[in-house]
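The structure under discussion appears below in the form of structure tokens.
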Amino acid sequence: MALLVFLLLAFFTGPAQFESSSTVRLVGGPHRCEGRVEVQQNGEWGTVCDDGWGMEDVAVVCRELNCGEAKWTPSGTLYTPSTDKDQKVFLQEVICQGHELNLSQCDQVEVFDCTHDEDAGAQCEKPSLTVRLAGGPHRCEGRVEVQQNGEWHTMCHAGWGMEEAAVVCRELNCGEAKGTPRGTAYEPSTGTDQKVLMQEVICQGHELNLTACEPVDIFDCFHNEGAGVQCEMLENVRLVGGPRRCKGRVEVKHQGKWGTVCKAGWNLSAVKVVCRQLGCGKALLTKRCCSTTQGQGPIWLSEVSCSGRELSLQRCSSGILGKNNCTHDDDMCVECEDPFDLRLVGGDTNCSGRLEVLHKGEWGSVCDDGWGEEEDRTVCKQLGCGESLFPSAKIQKFGRGVGRIWLDDVRCSGKEKSLEQCQHRFWGHHDCNHKEDVAVICSEP
């Protein structure tokens, strides 16, 4: 009866209008112009039901977000993380003609029987202006560069602050903003032929991307005034208990808690996705778990199915989160080729010799400028070779290297688990010759 009364009321009164203060965003997609549709009312974000949702409605969303042409009307359930069960569904049906400038101009019917299984999605063109952080230790820190018309430009430091950094971190899905270092802190330095974007942006800090900030033209900025950003590095997946970061038990993070993945349904395509997400090399299908410890806590995922093209494991289909019949004996492990591998060559065992590191598929040596006991310890720890016997290693024992000298001025604190985490010059930058190659002897073969 209540439903009948509502339908009669909706029929006679006609569709209502959005509040003028409502805004829209796309959540969980590969970029800001694709994802689950959410609208804001009275400071709260809620979803939109897919009843009647079509290309006219998507076209308006794409126009409002400055995202080019509408491409598709996917289900909002495709995008992760899934909608929080406590989040409201604000709209039952949106009725657009396709020419409106924003969703607030479209008619709508308020919710009476819609659930999050019916959330609407939208896919637009990728944004014409994209952002990246270049030269940093990971993708969430570095010099700010923006792309316009297929060309990358340096972002000027003028007026740059934590509000702008917060927007960049949000756009890149990199967590909280931590700092605004000068872009000149990152190597390699900006190319002399790269343009400086003759524009300053003024952000409030709540914007979803830099294109939503206010542009201000400037005329006197140079590469030595480039902006930098330091964000958190979000961890959604990791490999635990293995001998190096690209081999171990798969764990994913949900609701702030790490849990394992059941091997049911697992195949090489899923391994490829994990290796790609972690920035590791070629995927190797592991027949048995390569972790030295057994998993603890929740088993978050089971029946994972990937095509191999996904950008992250969270984009693969799987069973219901946390619902499975697995035990930790079924935990899945992954092995990838490590793009940052190291070895000791020329010695009697693989725990002594001249140090070489692998970069871009090529082995090269390490210069001994600044090399000391902490660096030795880190190498022995990473190789599982016991304690360092520093300073007993002499390069004369193992011969000089040939070819590349990849690293120079390496600095470790002693807390690092691998040499990759230590500070060093940019790859291939050095002032050494092979007389200065590092050699290491560890206590255990």
Cα centroid separation - region 82-99 against region 21-73, whole Å: 9
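Cut-off is 10 Å between beta-carbons; in what order do Lys71, Lys88 appear when sorted fewest neighbours first? Let's see the in-between values first.
Values: Lys71 18, Lys88 14.
Least crowded to most crowded, the residues run Lys88, Lys71.
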Is there a pair in Lys85/Lys415; Lys282/Lys381; Lys71/Lys257 whose C-alpha atoms are over 30 Å apart, and which pairs would that be? Lys85/Lys415; Lys71/Lys257
Tell me which residues come under 5 Å, amide H to amide H, from Gly136 once H is placed; ignore anything under 5 positions away on its chain. Arg143
Tell me the label-point distance for the pair Lys253, Asn236, using the 7 Å Cα-to-Cβ offset, in nm and rounded to one decimal. 1.2
Place a point 7 Å from Cα of Thr23 in the direction of its Cβ. Which residues in region 49-74 have their backbone N less than 19 Å from it? 60-68
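Can you compute the FRET efficiency between Ile320 and Glu187 using 1/(1 + (r/R0)^6), with r the Cβ-Cβ distance and R0 = 45 Å? Round to the nearest 0.05. All intermediate terms of the calculation are to be shown ahead of the outcome.
Numbers: r = 46 Å, r/R0 = 1.03.
That pair, Ile320 with Glu187, gives E of 0.45.
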Hey, which aspartates and glutamates would be in cross-link range of Lys323, C-alpha to C-alpha under 12 Å, not counting anything within fewer than 8 residues on its own chain? Glu303
For the residue pair Glu362 and Ser392, what label-to-label distance in nm results when each label sits 7 Å from Cα along the Cα-to-beta-carbon direction? 3.5
For each of Leu101, Leu355, count neighbouring Cβ atoms within 10 Å of the residue's Cβ, then give the residues from fewest to most. Leu101, Leu355
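Please label the shape of region 319-416 as rounded, prolate or oblate, based on the square roots a ≥ b ≥ c of the eigenvalues of the alpha-carbon gyration tensor (a/c under 1.5 means rounded; beyond that, a/b larger than b/c means prolate, else oblate).
Numbers: a/c = 2.51, a/b = 2.17, b/c = 1.16.
Prolate.
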What are the ³J(HN,Hα) couplings of region 63-79, residue after residue, when phi is run through the Karplus curve with 6.51, -1.76, 1.60 and θ = phi - 60°? Round to Hz, x for glycine and proline. 5, 5, 8, 6, 10, x, 6, 6, 10, 6, 10, x, 6, x, 6, 6, 9
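For region 355-402, which trypsin sites (Lys or Arg not before Pro) are both in a DSSP coil and crowded by at most 10 other Cβ atoms within 10 Å?
Numbers: sites: Lys360, Arg377, Lys381, Lys394, Lys397, Arg400; in loops: Lys360, Lys394, Arg400.
Answer by residue number: Lys360, Lys394.
Values quoted throughout were computed directly from the atomic coordinates according to the rules given, and no laboratory measurement underlies them. Because the structure is predicted, anything quoted here is derived from the model rather than measured. Quick reminder, even Gly has a Cβ in these numbers, built from the backbone with ideal geometry, and neighbours come from all protein chains shown.
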